[in-house]
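Structure first, then comments.
Any read-out appearing in this document is the output of simple, stated calculations on the displayed coordinates, not a laboratory observation. In this text the structure is predicted, and so the values were computed from the model without any measurement. Because the Cβ atoms are built from the backbone with ideal geometry, glycine has one as well, and the counts that use them run over all protein chains shown.
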Amino acid sequence: YCGIMEWQKQRVLQFQNTTKSVFVLATQNQQQQNPTTSTTASLTPPATPAVVILNAKPFTDEGVDRVLQLAPHWRQYQNNDKYSKFDLGSLASDDALPVGVDISVICPADAKDIAKYSSQKFYLLRETPEIYRAATLPFVQSIPSSALQWVYNILEHTAEAEKIVYENDTFVMVPDSKWNGQDLDSLYTLAIVHSREIASLRDLNDQHLPMLRDILNNGLEALHTKYGMHRNQLRVFVHYLPSFWHLHVHFAAHTGTAFDSNWSVGKAILLEDIIDNIERDGHYYQRTAITIQVGAQHPASPHYLKAGLLE
């Protein structure tokens, strides 16, 4: 035990913006620890190194109430269809408020939005091609086109145009809403295809190989050019089941632990593996079974319940 003395920061070892943590290498002078030690015993007492971990406190009910009460004073800095982002603006110095609050609002929120952010049990299911046609596809076909309006706004440059990282005739790359746009350890971008005919992995075949290679190679090159990120520092993957049913590819740094749940088993499939599978079998994803993760409150759950996959 080093005692409670003044620490001198040597360097920051790591920021974790998602968990609101910072890891610091600090030192404490040996003489500070033992003030009775004679100053003549050592002209330069050795410094004692330590790792200091600072964690921001979680929200309290009172803090949440305070933030919501001040909603008329929030400063909006992004809007796309029903999705908006705010910060506290001039209120950030209010001691009664949590530090560094970044606010996302989905309004109007539908049942899918509410389910997505609700605490719930999750299940791993084996989706065969037959289950896909009987349960998943009817769910996808029931989704109104208005649910993708925010995606079309990006593709048409009517929203978030100033945030575009890269664009060509195949896809548009923008920062994911979870990324702050600065911390490279948690870099996270989405490559959204221009084609509106591809809902998910299940629609891909050998005709889409040039498109997939374009996304992989030009997406990686764009992130290297803009952020200095190398190929072997990035995860490039597709979600299945996706959070929205318009084909998009995730590019995420794997140097940190931010957003770990986004590449969990039953959710993420590496783009290079997808390409390899389709090169071997042009209709691989129409013929194979895929393990999927489904929340009990996912809007597709009734379809899987009817198919006998959930109890």
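Residues of region 184-200 falling in the label zone of Gln141, defined by backbone nitrogen less than 15 Å from a point 7 Å along Cα to beta-carbon, are 199.
Placing +1 on the Cβ of every Lys and Arg and -1 on the Cβ of every Asp and Glu, with no other charges, gives the chain a dipole of roughly 500 debye about its Cα centre. FRET efficiency for the pair Ala50 and Asn180, taken as 1/(1 + (r/R0)^6) with r the Cβ-Cβ distance and R0 = 41 Å, rounds to 0.90.
The modelled label-to-label distance between Ala161 and Ala111, using points 7 Å beyond Cα along the C-beta direction, is 3.7 nm.
Length available on full extension from Lys20 to Gln8: 0.36 nm per residue minus the Cα-Cα distance, which gives 2.2 nm. Quick one: Debye curve from the alpha-carbon atoms of region 147-275 only, equal weights, vacuum; give me log10 I(q)/I(0) at q = 0.09, 0.10, 0.16, 0.23 Å⁻¹ to two decimals. With one equal scatterer per Cα and no solvent, log10 I(q)/I(0) is -0.22, -0.28, -0.76, -1.69. A Cβ-based charge dipole, computed about the Cα centre of region 97-205 with Lys and Arg at +1 and Asp and Glu at -1, lands at about 540 debye.
Only DSSP H runs of four or more residues enter the estimate; each adds -39500 (n - 2.57), and after division by the residues of the chain the mean residue ellipticity at 222 nm equals -6000 deg cm²/dmol. Computed over the chain, the P(r) tail beyond 29 angstrom holds 50 percent of alpha carbon pairs. When only Cα pairs below 8 angstrom with a gap of at least 6 residues are kept, the chain shows a relative contact order of 17 percent. Along the chain, the exposed loop sites are chymotrypsin sites (Phe, Trp or Tyr not before Pro) outside DSSP states H, G, I, E and B with at most 13 other Cβ atoms within 10 Å, and the longest stretch free of them is 118-311. Max-minus-min Cα coordinates of region 211-311 on each principal axis give 48, 34, 20 Å, with the largest extent listed first. Subtracting the Cα-Cα distance of Thr255 and Leu209 from their residue separation scaled by 0.36 nm leaves 13.7 nm. Taking only the Cα atoms of region 263-311, the ratio Rg/Rh comes out at 1.07, with Rh defined as the Kirkwood radius. Computed on region 217-301, with alpha-carbon pairs under 8 angstrom and 6+ residues apart, the relative contact order is 26 percent. The spacing between region 230-246 and region 107-185, judged by their C-alpha centroids, is 12 Å.
In µm²/s, what is D for region 54-192 at 25 °C and 0.890 mPa s, where D = kT/(6 pi eta Rh) by Stokes-Einstein and Rh is the Kirkwood radius from Cα pairs? So the translational diffusion coefficient is about 134 µm²/s. Per-residue extension of 0.36 nm, minus the Cα-Cα distance of Arg231 and Ser264, leaves a gain of 9.9 nm for this segment.
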